[in-house]
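Presented below is the structure to which this report refers.
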Amino acid sequence: GAVVSQHPSRVICKSGTSVKIECRSLDFQATTMFWYRQFPKQSLMLMATSNEGSKATYEQGVEKDKFLINHASLTLSTLTVTSAHPEDSSFYICSARDRGVKETQYFGPGTRLLVL
Amino acid sequence: KNEVEQSPQNLTAQEGEFITINCSYSVGISALHWLQQHPGGGIVSLFMLSSGKKKHGRLIATINIQEKHSSLHITASHPRDSAVYICAVGDISSGDKLTFGTGTRLAVRP
């Protein structure tokens with residue numbers, strides 16, 4: 001089946017630093033990737049929709065200058081948390097839509113970010 | 001915006017029991033997803049369905065479009081089924097964006 005990977009799986013960083021998270025579709029082309037955030041005991045919340053070759057669309061309340069998204073190829077999207085603060089500590093999950101399969105989303109394993 | 005409700009929120013079962021988790025949504029959808037999230041956080045897609053019924057191993061998912069309701073069944077439950085099960089719907093008006101339920105936390109005791 002379709003596989004989506006994320007790297008790193010876990011990261012600890014100091015407050016004020018930037019962290020980049022990669023999301024890759026391993027065996028299919030993903031025209032659209034989604035970035036989610038999940039706080040403890042809460043549901044996933046969509047942060048932004050990333051389309052290959054164009055600017056990401058951010059959900060209301062998500063700062064585009066803080067969460068930089070780049071979707072430079074059909075198999076890779078990156079999320080950079082800039083000037084991270086402790087309140088950014090969360091579980092970040094990406095999903096990818098196979099360009100050939102309507103309405104399907106394949107989820108990555110997630111990245112746990114802890115900002116000290 | 002679609003509202004997605006799951007029940008129960010928490011469920012404890014004995015190994016071998018038949019388990020049902022329910023999901024209701026409020027507006028028309030393009031597809032409904034059932035996801036499994038283990039304690040480590042990683043999410044696995046179990047089913048995507050827009051009508052009828054799907055079966056994979058001990059898991060069965062059904063959807064009733066008219067009643068805006070879906071169920072996930074686990075037969076012969078096992079401790080390794082312990083996880084959070086999440087229902088997510090993509091509604092027609094928002095394209096591929098998913099709205100997630102709050103999840104059902106399942107614990108299966110040996």
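The values are calculated or read from the model by the stated rules, or taken from the named source; none is laboratory data. Because the structure is predicted, anything quoted here is derived from the model rather than measured. A quick note on method: Cβ atoms are made from the backbone with ideal geometry, for glycine too, and the neighbour counts reach across all protein chains shown.
Looking only at region A:11-28, which residues are out of contact with any Leu (no Cβ under 6 Å at 6 or more places or on another chain) and either outside any strand (DSSP E or B) or among the hydroxyl-bearing types (Ser, Thr, Tyr) (or both)? Once the filter is applied, which keeps residues that are out of contact with any Leu (no Cβ under 6 Å at 6 or more places or on another chain) and either outside any strand (DSSP E or B) or among the hydroxyl-bearing types (Ser, Thr, Tyr) (or both), region A:11-28 yields A:15, A:16, A:17, A:18, A:25, A:26, A:27, A:28.
Search region B:29-40 for residues being in a loop (DSSP other than H, G, I, E, B) and within 11 Å of chain A (Cβ to nearest Cβ), and hand back the single one that is modelled with the highest pLDDT. So that I can check it myself, show each step before the final result.
Initially, region B:29-40 is screened for residues in a loop (DSSP other than H, G, I, E, B), giving B:38-40.
From the residues that got through so far, the ones that are within 11 Å of chain A (Cβ to nearest Cβ) too are B:38, B:40.
Numbers: B:38: 88, B:40: 78.
Looking at residues that are in a loop (DSSP other than H, G, I, E, B) and within 11 Å of chain A (Cβ to nearest Cβ), I get B:38.
Which numbered condition trips up residue A:49, out of (1) of a type in the set (Val, Ile, Thr); (2) in a strand (DSSP E or B); (3) more than 12 Å from chain B (Cβ to nearest Cβ)? Exception for residue A:49: condition (3).
Can you say whether residue A:78 is surrounded by 15 or more Cβ atoms within 10 Å (Cβ to Cβ), within 13 Å of chain B (Cβ to nearest Cβ) and either of a type in the set (Val, Ile, Thr) or farther than 24 Å from residue B:33 by Cα (or both), as far as the supplied structure shows? Spelling it out, it is not the case that residue A:78 is surrounded by 15 or more Cβ atoms within 10 Å (Cβ to Cβ), within 13 Å of chain B (Cβ to nearest Cβ) and either of a type in the set (Val, Ile, Thr) or farther than 24 Å from residue B:33 by Cα (or both).
Could you list, in sequence order, all residues of region A:18-39 that are touching a strand residue (DSSP E or B) at 6+ places or on another chain (Cβ under 8 Å) and loosely packed, with under 14 Cβ neighbours inside 10 Å? Give the derivation first.
Our first condition is that a residue be touching a strand residue (DSSP E or B) at 6+ places or on another chain (Cβ under 8 Å); within region A:18-39, this holds for A:18-26, A:28-39.
Of everything in region A:18-39, those that are touching a strand residue (DSSP E or B) at 6+ places or on another chain (Cβ under 8 Å) and loosely packed, with under 14 Cβ neighbours inside 10 Å turn out to be A:18, A:26, A:39.
What pairs can you find where one residue is in region A:21-37 and more than 19 Å from residue A:62 (Cβ to Cβ) and touching a residue at least 24 places away in the same chain (Cβ under 8 Å), the other is outside any strand (DSSP E or B) and charged (D, E, K, R), and their Cβ atoms are less than 9 Å apart, with a gap of 6+ or different chains? Once the first residue is more than 19 Å from residue A:62 (Cβ to Cβ) and touching a residue at least 24 places away in the same chain (Cβ under 8 Å) and sits in region A:21-37, its partners that are outside any strand (DSSP E or B) and charged (D, E, K, R) give A:28/A:99; A:29/A:52; A:29/A:99; A:30/A:52; A:30/A:99; A:31/A:52; A:31/A:99.
Within the option set B:21, B:43, being touching a Pro at 6+ places or on another chain (Cβ under 9 Å), more than 10 Å from every other protein chain (Cβ to nearest Cβ), of a type in the set (Val, Ile, Thr) and in contact (Cβ under 8 Å) with a residue 24 or more places away in the chain holds for one residue only, B:21.
For residue A:96, state whether it is assigned to a loop (DSSP other than H, G, I, E, B) and buried (at least 20 other Cβ atoms within 10 Å of the Cβ). Spelling it out, it is not the case that residue A:96 is assigned to a loop (DSSP other than H, G, I, E, B) and buried (at least 20 other Cβ atoms within 10 Å of the Cβ). Being within 9 Å of chain B (Cβ to nearest Cβ), at pLDDT 80 or above and part of a loop (DSSP other than H, G, I, E, B) is the filter here; which residues of region A:99-116 pass it? A:105, A:108, A:109, A:110, listed by residue number.
Out of everything in region A:79-93 that is in a loop (DSSP other than H, G, I, E, B) and hydroxyl-bearing (Ser, Thr, Tyr), what residue ends up being farthest from residue A:25 (Cα to Cα)? Don't jump to the end; show me each part of the working.
In the first step, residues of region A:79-93 are kept if they are in a loop (DSSP other than H, G, I, E, B); the result is A:82-85, A:89.
When the remaining residues are screened for being hydroxyl-bearing (Ser, Thr, Tyr), the result is A:82-83, A:89.
Numbers: A:82: 24, A:83: 27, A:89: 25 Å.
So, considering only residues that are in a loop (DSSP other than H, G, I, E, B) and hydroxyl-bearing (Ser, Thr, Tyr), the one farthest from residue A:25 (Cα to Cα) is A:83.
Note on region B:46-91: residues that are in contact with a Phe, Trp or Tyr (Cβ under 7 Å, 6 or more places away or on another chain), among the aliphatic types (A, V, I, L, M) and free of Cβ contacts under 8 Å to residues at least 40 places away in the same chain total 2. Can you find even one residue in region B:83-99 that is over 21 Å from residue A:90 (Cα atoms), in contact with a strand residue (DSSP E or B) (Cβ under 8 Å, 6 or more places away or on another chain), away from every other protein chain (no Cβ under 14 Å) and at pLDDT below 95? Checked region B:83-99: no residue is over 21 Å from residue A:90 (Cα atoms), in contact with a strand residue (DSSP E or B) (Cβ under 8 Å, 6 or more places away or on another chain), away from every other protein chain (no Cβ under 14 Å) and at pLDDT below 95.
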